[in-house]
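Everything below concerns the one structure shown next.
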Amino acid sequence: MSAHDTTEPNRRDFLYVATGMVGVVGAASVAWPFIDQMRPDASTLAMATIEVDVSALEPGMSLTAKWRGKPVFIRNRTDKEIEEAKAVALTDLKDPVARNANIASDAAATDSDRSAGEGKENWIVMIGSCTHLGCVPLGQAGDFGGWFCPCHGSHYDTAGRIRKGPAPENLAVPVFEFISDTKIRIG
Ligand code: FES
């Protein structure tokens, strides 16, 4: 093997390393614009909060809004539906926790702590995603007159509490507030 032969690979290694370094610098310079694109733009931020006009909902009616890619059920409950929900003993509930993002995380699943609260107890606002495997339950349906998930047969009452079937938790209540008598902001 000649001296020339032994130096050849070394030079090639050097060239390879130098090329590699250029590659790293190049990657760093394109990383920032890429991260910048991942920041939410104004329209995405706007979707973080939605306002829903509920003026058309008479007692017994409901609507489904879309918020952050999920359905949100808003229902104006009848007096009878409220009374039925209030009459249920907490000991009869499969999930005794309110699951209401607007109040303490350990609050009990009373009807008033599931609803929009004092003076607005007829209103209930919930994420429309079954707590079993995420199907969208049907409103005004099921053995308890609330919601029914046909995927595997989960029955929720008129306060959105799981009463029968495989779902483990009550339907979640998202952060929301009435910003006027007829408008709800979610998020
Ligand atoms: S996803 Fe609703 S019962 Fe299974």
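The values are calculated or read from the model by the stated rules, or taken from the named source; none is laboratory data. Remember, it's a predicted structure, so these values are computed and weren't measured experimentally. All Cβ positions, even for glycine, are placed from backbone atoms using ideal geometry, and neighbour counts span all protein chains on display. Surface areas here come from the heavy atoms of the whole protein model, side chains and all, with no ligands, DNA or RNA. Shrake-Rupley method; radii C 1.70, N 1.55, O 1.52, S 1.80 Å.
Computed over the Cα atoms of segment 46-186, the ratio of the radius of gyration to the Kirkwood radius (Rg/Rh) comes to 0.93. Averaged per residue, segment 46-186 has 47 square angstrom of accessible surface, using a 1.4 angstrom probe with ligands and nucleic acids left out. Counting only Cβ charges, +1 for Lys and Arg and -1 for Asp and Glu, the dipole size of segment 40-187 around its Cα centre is about 420 debye. Within the shell defined by Cβ-Cβ distances under 13 Å, the residues around Pro59 carry a net charge of -1, with Lys and Arg each +1 and Asp and Glu each -1. Fully extending the segment from Lys70 to Met47, taken as 0.36 nm per residue of separation minus the present Cα-Cα distance, adds 7.1 nm.
Ligands, DNA and RNA left out, the accessible area of segment 46-186 computed with a 1.4 Å probe is 53% carbon and sulfur.
Placing a pseudo-label 7 Å from each Cα along the Cα-to-Cβ vector at Gln140 and Arg185 gives an inter-label distance of 3.1 nm.
Derived value for segment 105-183: Kirkwood hydrodynamic radius 12.9 Å. Basis is the mean of 1/r over every pair of different alpha-carbon atoms. Annotation for His152 and Lys80: the two label points, set 7 Å from Cα along the Cα-Cβ direction, are 3.2 nm apart.
Accessible surface comparison of Met47, Met126, Met61, probe 1.4 Å, protein chains only, largest first: the order is Met47, Met61, Met126.
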